[in-house]
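These notes are about the structure you will find just below.
The values are calculated or read from the model by the stated rules, or taken from the named source; none is laboratory data. The structure presented is a predicted model; accordingly, all values stated were derived computationally and were not measured. Here the Cβ positions follow ideal geometry from the backbone for every residue, glycine too, while neighbour counts run over all protein chains shown.
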Amino acid sequence: RKEVEQDPGPFNVPEGATVAFNCTYSNSASQSFFWYRQDCRKEPKLLMSVYSSGNEDGRFTAQLNRASQYISLLIRDSKLSDSATYLCVVTPKTGGFKTIFGAGTRLFVKA
Amino acid sequence: ETGVTQTPRHLVMGMTNKKSLKCEQHLGHNAMYWYKQSAKKPLELMFVYSLEERVENNSVPSRFSPECPNSSHLFLHLHTLQPEDSALYLCASSQDPEGLTGNYGYTFGSGTRLTVV
């Protein structure tokens, strides 16, 4: 089983749609969770951290389910500019530079 | 300049060449990283420097040689590479010297797209 697993997609959605991605992780001792966004041929950029209580930033909502070992990202009212690859990132409690990146989920938002 | 800057943006080199990638961070971070990103694969950690000391080397071939002269600069020296080394090489920095990313994650540079011919 991969340490961090994501559905590669692509997800093709119309503008205005709501879309959700899940990411599962295998290390139950994981502590920090993030979603990064990576545009085509660009570097990854931090989208949001994921907190145990769930958190929201505008149209984006992140959730953490420790019991089932997954995190999710919900995008409401999708925009064309949301088209990108979304990377799930997990850091274990021990740190030690063991942060693991998922391979990413591709999203295409179409007019 | 702010953030993390990498040069060059693009590099084409022959298998017998020697070249270096440069990374500079202006964030006052304590740790710097080299990652390799190949098509449709997750980022692969290559090297980590924390407080200017190498703390992680993920079984990277010796044809890749890192150098960290100070907390703001990181180099990746390349020699006798193979075509399968063609990839996007990303430099990143983070605040915590123990590899805990806290709530801040990593800041990446724009990357060097390397093609080995």
From the list B:GLU24, B:GLU44, B:GLU67, which residue is within 12 Å of chain A (Cβ to nearest Cβ), under 14 Å from the mean Cα position of the chain (by Cα) and of a type outside the set (A, V, I, L, M)? B:GLU44
Where A:THR99 falls short, out of the listed (1) more than 8 Å from every other protein chain (Cβ to nearest Cβ); (2) touching a Phe, Trp or Tyr at 6+ places or on another chain (Cβ under 9 Å); (3) not acidic (Asp, Glu): (1)
Picking from A:LYS110, A:LYS98, A:LYS93, A:LYS42, the residue that is modelled with pLDDT of 95 or more, more than 11 Å from the chain's Cα centre (by Cα) and basic (Lys, Arg) would be A:LYS110
For the stretch A:73-90, indicate whether the set of residues that are on the phi < 0 side of the Ramachandran plot, modelled with pLDDT under 95 and of a type in the set (D, E, K, R) is non-empty. no
Considering the stretch A:21-63 alone, what residues qualify as being in a strand (DSSP E or B) and either free of Cβ contacts under 8 Å to residues at least 12 places away in the same chain or more than 13 Å from chain B (Cβ to nearest Cβ) (or both)? A:PHE21, A:ASN22, A:THR24, A:LYS45, A:ASN55, A:GLU56, A:ASP57, A:PHE60, A:THR61, A:GLN63
Are any residues in the stretch A:68-105 of a type outside the set (A, V, I, L, M), surrounded by fewer than 19 Cβ atoms within 10 Å (Cβ to Cβ) and in a strand (DSSP E or B), and if so, which ones? A:TYR70, A:SER72
Conditions: (1) within 11 Å of chain A (Cβ to nearest Cβ); (2) crowded, with 16+ Cβ neighbours inside 10 Å; (3) part of a strand (DSSP E or B); (4) in contact with a Phe, Trp or Tyr (Cβ under 8 Å, 6 or more places away or on another chain). B:VAL55 meets all but one. Number of the miss? (2)
All positions within the stretch B:34-46 that are in contact (Cβ under 8 Å) with a residue 40 or more places away in the chain and either under 14 Å from B:GLY3 (Cα atoms) or in contact with a Gly (Cβ under 8 Å, 6 or more places away or on another chain) (or both): B:GLN37
